[in-house]
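Taking it in order: structure first as structure tokens, then the write-up.
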Amino acid sequence: MKKPSRLPWLIFLALLVIGLGSGYYFYSHRQPPHQHRAAIQTAVEDEHPASGAQLEEPSTPQEPAKIDESEAETPEPPETEEPSNNATAQPDPCEVLFSRLQNYFEYLDGTEYFQRLSPDVSAYERLKVILKKLIKHPPVPAEEASDPRILLANLHHFFRTLKAQDLRLASEILTNEPDSMEDTFDMLFSWLMLPAPCADPDSIRPSFQVTYTYAAFFVNTVGGRAYLFRRTPSVRVVVQYYALMVIYEADKRKNNTYGVDLLPLLTPLRNEISRFDDLIFQQQYLTNLDRIEYEYRRLR
């Protein structure tokens, strides 16, 4: 039996190739001249990559590349620049806190009791004098049991370091400003804990070591605790709370030089604060004390 001839298939394949080639030739010659040049240029670049200067055609007003270049050189609208300007204009947190401190003392200057007790010296100027005295003559928050002289010095520390007028002013502020007491202590604590170069134009802020010394004095000495017990209960527990926060920071910095053990102090203070429902930041105090106690117990 004879095999079927392949000739018809070969003829059909040849006709198909010729038809496709003719169609391509006819279609490519019907394209606009600049499209035809672009198609040829693309094909050449794909086969033989070359620099753009060698293949670049003279630019015409209708050429897409010319339009793209003009758009790229268009200046950015002012609307898109506003967010970056606003971002750089954010106020410095250090300056904001120092401004709050100054505003508070300006408020004190306008009160009747402050004008009566300090008619010639502003509250801020008096603060600078008081802080310099406290920094120069810190208490000794340890060794009271072994040296009676330290115990006596701590009992009379503020009376020996400050003038009677300074102590009277402090007492008047606590008596006349009970509603802002917590905000005031929070502001002072935040300002005291700022890093060294932050918002202290008059160089009056005590160092962290001095702040830690007074915190240890309030919670670790007879003299410090006796002073707090002469204050109202709400003032006493809030001052104790911030003293523990300073000592906790000293522990984190590995700078608890007087070896104050916070763990036995946390639960009694927490129980006291939980009874003062009129404290604005009560829940914040309790949450922080619970967190610190959990951290200390986990490490032991």
Check: Among the residues of the stretch 201-218, is any surrounded by 14 or more Cβ atoms within 10 Å (Cβ to Cβ), over 35 Å from the mean Cα position of the chain (by Cα), part of a loop (DSSP other than H, G, I, E, B) and of a type in the set (A, V, I, L, M)?
Finding: no
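For (1) at pLDDT 95 or above; (2) of a type in the set (A, V, I, L, M); (3) farther than 20 Å from residue 262 by Cβ, each residue gets a yes or a no:
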residue	(1), (2), (3)
194	no, yes, yes
197	no, no, yes
200	no, no, yes
203	no, no, yes
211	yes, no, no
214	yes, no, no
221	yes, no, no
238	yes, yes, no
Next item on the list: Could you tell me whether any residue of the stretch 125-133 is at pLDDT 95 or above and in contact with a helix residue (DSSP H, G or I) (Cβ under 6 Å, 6 or more places away or on another chain)?
Entry: yes
Next item on the list: Among residues belonging to the stretch 138-182 that are more than 33 Å from the chain's Cα centre (by Cα), in a helix (DSSP H, G or I) and among the charged types (D, E, K, R), point out the one that is surrounded by the most Cβ atoms within 10 Å (Cβ to Cβ).
Entry: 166
Check: What are the residues in the stretch 260-275 that are touching a residue at least 12 places away in the same chain (Cβ under 8 Å) and surrounded by fewer than 18 Cβ atoms within 10 Å (Cβ to Cβ), if any?
Finding: 263, 267, 272, 274
Checklist line | Condition met for residue 177 (of a type in the set (D, E, K, R) and under 21 Å from residue 237 (Cα atoms)) | finding: yes
Item checked: Leading residue by the ranking (surrounded by the fewest Cβ atoms within 10 Å (Cβ to Cβ)) among those in the stretch 233-257 that are farther than 19 Å from residue 193 by Cα and not β-branched (Val, Ile, Thr) -> 233
Check: In the stretch 100-127, which residues are touching a residue at least 60 places away in the same chain (Cβ under 8 Å), of a type in the set (A, V, I, L, M) and under 16 Å from residue 177 (Cα atoms)?
Finding: 101, 108
Margin query: in a helix (DSSP H, G or I), without any contact (Cβ under 8 Å) to a residue 60 or more places away in the chain, aromatic (Phe, Trp, Tyr) and touching a Phe, Trp or Tyr at 6+ places or on another chain (Cβ under 9 Å): is that true of residue 241 in this structure?
Written below: yes
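This table checks each residue for (1) farther than 18 Å from residue 181 by Cβ; (2) in contact with a His (Cβ under 7 Å, 6 or more places away or on another chain); (3) assigned to a helix (DSSP H, G or I).
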residue: 224; (1), (2), (3): yes, no, yes
residue: 236; (1), (2), (3): no, no, yes
residue: 261; (1), (2), (3): yes, no, no
residue: 265; (1), (2), (3): yes, no, yes
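The values are calculated or read from the model by the stated rules, or taken from the named source; none is laboratory data. Because the structure is predicted, anything quoted here is derived from the model rather than measured. Cβ: placed from backbone, ideal geometry, glycine included. Neighbour counts: every protein chain shown.
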